[in-house]
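The values are calculated or read from the model by the stated rules, or taken from the named source; none is laboratory data. Predicted model only: the values in this text are computed from it and were never measured. Counting neighbours? That spans all protein chains shown, and the Cβs are built from the backbone with ideal geometry, glycine included.
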Amino acid sequence: MKKKIVLFSLPFVILGLLSFTPPAERYFEIAKNLDIFASLFKEVNALYVDEINPNKLIRTGIDAMLNSLDPYTNYIAEDEVENYRTLNTGQYGGIGAVTREIGNRTVVTLVYEGYPAFKNGLKIGDEVLRMDEVDLSKITQEEANHLMRGQVGTSVVLTVKRIGLDQPIRLEFKREKIKISNVPYYGMVSSDVGFVQLTDFTPEAGKEVKNAVVALKEKGAKSIILDLRGNPGGLLFEAVNICNIFIPKGKKVVTTKGKVADSNIHYETLNNPVDLDIPVAVLIDRGSASASEIVAGTLQDYDRAIIIGEKSYGKGLVQLSRPLSYNSQIKITTAKYYTPTGRCIQVLDYSHRREDGSVESIPDSLKKEFKTSRGRNVFDGGGIDPDITIKVTDKASITHTLYINGHLFDFATLYASQHTTLTPAAEFSLTDQEYQEFVNWMKNRSYNYRSELEKRLAMFTTEAKKERYYADLKIQLDQIDIKLAESRKNDLITFKDQIKLLLEEDIASRYYLEKGAVEVAFKYDEEVKKSIAVLNDSNQYKKILNLQ
């Protein structure tokens, strides 16, 4: 029966994809290809040497078909709809905790203040052994997440192992409606500079940013830093609302253009702004995408903010969700978006693929130049270029390994169990002695890894063997390998700055939750430091934006 249902539903998926195109000239091609597909599936299902899973096979076909278009056009099966809805709304029924798998352990990495997990005593660092009577070591992380979430008002009992306690403890929670804040942190980073961290564009993002800006102004903020780093985007109209905080009512923010007339829309600000004059710096990086780029690009086009950091991701495509049969959905790219100057910042051209199927960036020769309101040059076809570029150093292999394998997490849990209180997060810093304790603690931990140079040396050695140069180079390659392995022993010291920052963030979160992790990092944050300097230098700020 399941085979028949899946096979029957596929035509609706394909017809849904084609519903945006003039159908008359394609009816024959549609009917022919659907018939071929149905016949092919029937023969494979009947004759293939091993038993097949029809759902899995059909899903592979659907995913491959949609992936040939772009990465953002996706099929969402019925059992995935709830997670998709959570991503778009920031809401779900649960207890307000985030867990992560480390090895075969499920550990609590975050609890949201004010929700059941926080109120009933669940702590970051707790290892969840059982959920109700289900042993989490016997199920997947995805299955555990499904168990954790549920209908509002229902109860769930967690059995957790906590460092310092001999026996596991049982904690009962009643699920509530959880709304993840788009603005997990805002505060003053100097006597007159306010900071707003925006991590999502789910409903009410604009309202949350507006409230944060108003509150910061009341605290004495004479300029604002809006942090969009790592923000993947979300709802387009929330990007419009956020721009509206700083630009007048009736200003164009973004235009979408697609194949269907209904996709061609001009979005303008609808409300009176909060402040048209307060200096603004917007922080972006390689993870700032979509709605984040609309905000950064719009404020840049109007010379309303200085953009600081790295070039943004370059996602200039708009998606629309459509319902399909059997409670499934499709998220389909329907348009491209354009900033007020008319530039599209889409970096990859999915309509022109190489012969191997790969996608290339839009070449510089095809990028067009545009002018901001005050005549500054900006370009399309490759993300938002910052006005002030600050290159971020990539994490070293050891730093990545220590995080993935949970060593930083476990040391932070141990540290918190030994220190009942912590200085304010903005003032907290591990002493050299405490960091050395971490180094000594790591001597009893297994953390095998290869540095980036070792990885490159291995690749070079492989190529040397292919090209038959290896025999001549073997002695030198072996010597380099030995030196690199010896050097790796000092990586805990060599990359102390990176490791220490992550340790301090993890430790501070034990005492002050999300806000602590943000505040403890300010002293290392070069983009924030640069923003404060520029915002406090009126002449430089005006010069960059051509305001003089």
Inset, instruction - Go through 345, 294 for me and flag whichever is over 30 Å from residue 79 (Cα atoms) and out of contact with any Leu (no Cβ under 9 Å at 6 or more places or on another chain). - result: 345
Inset, instruction - For the range 70-87, indicate whether the set of residues that are more than 27 Å from residue 332 (Cα to Cα), of a type outside the set (A, V, I, L, M, F, W, C) and exposed (fewer than 14 other Cβ atoms within 10 Å of the Cβ) is non-empty. - result: no
Inset, instruction - Only one of these is in contact (Cβ under 8 Å) with a residue 60 or more places away in the chain, closer than 26 Å to residue 235 by Cβ and outside any loop (DSSP other than H, G, I, E, B): 332, 398, 384. Name it. - result: 332
Inset, instruction - Please indicate, with yes or no, whether at least one residue in the range 88-111 is more than 25 Å from the chain's Cα centre (by Cα), more than 30 Å from residue 33 (Cα to Cα) and outside the structural domain of residue 200 (by TED's automatic domain parsing). - result: no
Inset, instruction - State whether one or more residues within the range 470-479 are part of a helix (DSSP H, G or I), out of contact with any Ser or Thr (no Cβ under 6 Å at 6 or more places or on another chain), farther than 30 Å from residue 189 by Cα and of a type in the set (Phe, Trp, Tyr). - result: yes
Legend entry - Members of the range 201-215 found to be surrounded by fewer than 24 Cβ atoms within 10 Å (Cβ to Cβ) and either assigned to a strand (DSSP E or B) or of a type in the set (Asp, Glu) (or both), listed by number: 204, 208
Inset, instruction - Could you check residue 359 against (1) surrounded by 19 or more Cβ atoms within 10 Å (Cβ to Cβ); (2) within 23 Å of the chain's Cα centre (by Cα); (3) aliphatic (A, V, I, L, M) and say which number it fails? - result: (1)
Legend entry - Residue selected from the range 368-381 under the condition modelled with pLDDT of 95 or more and in a loop (DSSP other than H, G, I, E, B), by the criterion surrounded by the most Cβ atoms within 10 Å (Cβ to Cβ): 372
Inset, instruction - Restrict the check to the range 256-273 and report whether at least one residue is within 17 Å of residue 334 (Cβ to Cβ) and touching a His at 6+ places or on another chain (Cβ under 6 Å). - result: no
Legend entry - Residues that are in a helix (DSSP H, G or I), of a type outside the set (Phe, Trp, Tyr) and more than 29 Å from the chain's Cα centre (by Cα), drawn from the range 407-447: 417, 418, 432, 433, 434, 436, 437, 439, 440, 442
Inset, instruction - Enumerate the pairs (first residue in the range 493-508 and within 17 Å of residue 394 (Cβ to Cβ) and free of Cβ contacts under 8 Å to residues at least 24 places away in the same chain; second residue anywhere and of a type in the set (S, T, N, Q) and part of a helix (DSSP H, G or I)) with beta-carbon separation below 6 Å, excluding pairs fewer than 6 apart on the same chain, so at least 6 apart or on different chains. - result: none
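Condition check ((1) more than 30 Å from residue 161 (Cβ to Cβ); (2) exposed (fewer than 13 other Cβ atoms within 10 Å of the Cβ)) across all residues:
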site: 401; (1), (2): no, no
site: 406; (1), (2): no, no
site: 411; (1), (2): no, no
site: 438; (1), (2): no, no
site: 459; (1), (2): yes, yes
site: 464; (1), (2): yes, no
site: 476; (1), (2): yes, yes
site: 502; (1), (2): no, no
Inset, instruction - List the strands (runs of 3 or more DSSP E) that sit entirely inside the range 80-155 and contain at least 3 residues that are closer than 22 Å to residue 181 by Cα. - result: 91-94, 97-102, 105-111
Legend entry - Identity of the residue in the range 216-243, buried (at least 18 other Cβ atoms within 10 Å of the Cβ) and out of contact with any helix residue (DSSP H, G or I) (no Cβ under 7 Å at 6 or more places or on another chain), that ends up nearest to residue 278 (Cα to Cα): 221
Inset, instruction - Could you run through the range 350-367 and say how many residues are in contact with a Gly (Cβ under 7 Å, 6 or more places away or on another chain) and either under 19 Å from residue 66 (Cβ atoms) or part of a loop (DSSP other than H, G, I, E, B) (or both)? - result: 2
Inset, instruction - Go through (1) in a helix (DSSP H, G or I); (2) modelled with pLDDT under 95 and name the single condition residue 507 misses. - result: (2)
Inset, instruction - Could you please find all residues in the range 510-548 being of a type in the set (A, V, I, L, M, F, W, C) and either in a helix (DSSP H, G or I) or within 16 Å of residue 390 (Cβ to Cβ) (or both)? - result: 513, 517, 518, 520, 521, 522, 528, 532, 533, 534, 535, 544
Legend entry - Filter pass, residue 215 being under 29 Å from the mean Cα position of the chain (by Cα) and outside the structural domain of residue 122 (by TED's automatic domain parsing): yes
Inset, instruction - Could you please let me know if residue 337 is of a type in the set (Phe, Trp, Tyr), outside any loop (DSSP other than H, G, I, E, B) and under 25 Å from the mean Cα position of the chain (by Cα)? - result: yes
Inset, instruction - Mind listing whichever residues of the range 266-287 are without any contact (Cβ under 8 Å) to a residue 24 or more places away in the chain and under 15 Å from residue 237 (Cα atoms)? - result: 266
Inset, instruction - Could you check, for the range 310-326, whether at least one of its residues is of a type in the set (S, T, N, Q), in the same structural domain as residue 361 (by TED's automatic domain parsing), part of a loop (DSSP other than H, G, I, E, B) and touching a residue at least 24 places away in the same chain (Cβ under 8 Å)? - result: yes
